[in-house]
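Enquirer: Pasting a structure here, questions to come.
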Amino acid sequence: MYAHEIDYQIFGEEMQYVEIELDPLEVVVAEAGSFMMMDNGIKMETIFGDGSEQQQSGIFGKLLSAGKRVLTGESLFMTAYTNQNNRKSKICFASPYPGKIVAIDLTKYQGKFICQKDSFLCAAKGVSIGIEFSRKLGTGLFGGEGFIMQKIEGDGMAFVHSGGTLARRELQAGEVLKVDTGCIVGFTKDIDYDIEFIGGIKNSIFGGEGLFFATLRGPGVVYIQSLPFSRLADRIIASAPKAGGKSREEGSLLGGLGNLLDGDNRF
C-alpha cells in the first residue's frame, strides 16, 4: 500500500499552519485537535489507529498498533479526512504552540523518521505512526522526554511541529551532537541515540539543567527545537498567579525576593 501523494504549503512564521491540497478521494490523517479549516466536501471520519497497511490484518493488528500509540501518550483514534469532491480541495492543520512545522518526505529518509512522542501533526494516508523504543538500557531509564519516541514509516509526506526556533543539523559518520532531551524534534533512522550523565556534583545540584543529555551520533539528519513545550509549560506555571490573587512578582522590582522581605514566603 503506497501513501497518497499530497501537495502542501506552509504559512506563517511563529504560529504556522500547513495547507494540504487533496485530489479526489485522497486522504490525510491527523492527530485530534490539529484541524484548522477545510473546503466543503471533505469528509471527516474517526478511525482506530492510523489506518495504515499494518492495520489491515484484522482486529488483533489494529489493537496492537493502536495500543502502541497509547504508550506514547497519544489517543487510540485518529481522524481521516477524505476529499469526496470531483475536484481538488484544501484542508489546513495548525501547530498547537509557537514554533515551526517540518515537512518530512519519507522517501528521502529511507522510509523512516523518529520523532518526539508529541510532535506528530498529520500525514498522508498509508503512512504508519508507531512507537520506537531505544535498544539501550540507559536511554530507557533516564531518557525522560526522549525515551519513548514515535516512528513514522512509509513512502509519503508527514508533518511534525517544533517549539521556538528550528535547527537542522546533518551529522557526518561518527560526528556527535549533545542535546537536551526535550529539545529533540526528530532524527533519521541511522542516528545512534543514547543518554549521557552530565557529571559533577555542582553541575547536578546547582546547574539548573537536567542530570542527563542526549548524545546523537551520525551519520544522519537531526532536527532540534529551541523551546520544548514542557519548558514553556514550566515557565507559565511558575508565573501563574497564586490562589486568591495576582502573582506577587507582577510589577515588583525585587520579584521573588520581595516575597521574603514582606514576610510572604508562599511559593
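Enquirer: Can you find a residue that is at pLDDT 75 or above and closer than 21 Å to residue 11 by Cα anywhere in the range 46-68?
Expert: No, that holds for no residue.
Enquirer: Can you tell me which residue in the range 206-229 is farthest from residue 100 (Cα to Cα), limited to those that are modelled with pLDDT under 75 and not acidic (Asp, Glu)?
Expert: Applying the first criterion (modelled with pLDDT under 75) to the range 206-229 yields 206-212.
Keeping just the survivors that are not acidic (Asp, Glu) gives 206-208, 210-212.
Details: 206: 32, 207: 29, 208: 26, 210: 25, 211: 28, 212: 26 Å.
That would be 206.
Enquirer: For the range 12-36, which positions are open to solvent by 80 Å² or more (accessible area, probe 1.4 Å), in a strand (DSSP E or B) and more than 19 Å from residue 78 (Cβ to Cβ)?
Expert: 15
Enquirer: Still on this model: Can you pull out every residue in the range 158-198 that is aliphatic (A, V, I, L, M) and either touching a His at 6+ places or on another chain (Cβ under 9 Å) or in a loop (DSSP other than H, G, I, E, B) (or both)? Break it down stepwise before answering.
Expert: Pass one, the range 158-198, residues aliphatic (A, V, I, L, M): 158, 160, 166-167, 171, 173, 176-177, 179, 184-185, 191, 195, 198.
Selection gives 173, 185, 191, 198.
Enquirer: Looking at the range 219-237 only, could you name the residues that are closer than 16 Å to residue 165 by Cβ, open to solvent by less than 50 Å² (accessible area, probe 1.4 Å) and assigned to a helix (DSSP H, G or I)?
Expert: Matches in the range 219-237: 232 only.
Enquirer: Any chance the range 96-104 includes a residue that's at pLDDT 95 or above, surrounded by fewer than 18 Cβ atoms within 10 Å (Cβ to Cβ) and within 22 Å of the chain's Cα centre (by Cα)?
Expert: For the range 96-104, residues at pLDDT 95 or above, surrounded by fewer than 18 Cβ atoms within 10 Å (Cβ to Cβ) and within 22 Å of the chain's Cα centre (by Cα): present.
Enquirer: Any chance the range 115-130 includes a residue that's crowded, with 20+ Cβ neighbours inside 10 Å, modelled with pLDDT of 95 or more and β-branched (Val, Ile, Thr)?
Expert: Looking through the range 115-130, none of the residues is crowded, with 20+ Cβ neighbours inside 10 Å, modelled with pLDDT of 95 or more and β-branched (Val, Ile, Thr).
The values are calculated or read from the model by the stated rules, or taken from the named source; none is laboratory data. Note that the structure is predicted; figures quoted are calculated from it, not measured. Backbone-built Cβ (ideal geometry, glycine too); neighbour counts: all protein chains shown. Remember, those area values only see protein heavy atoms, side chains included, never the ligands or the DNA or RNA. Shrake-Rupley method; radii C 1.70, N 1.55, O 1.52, S 1.80 Å.
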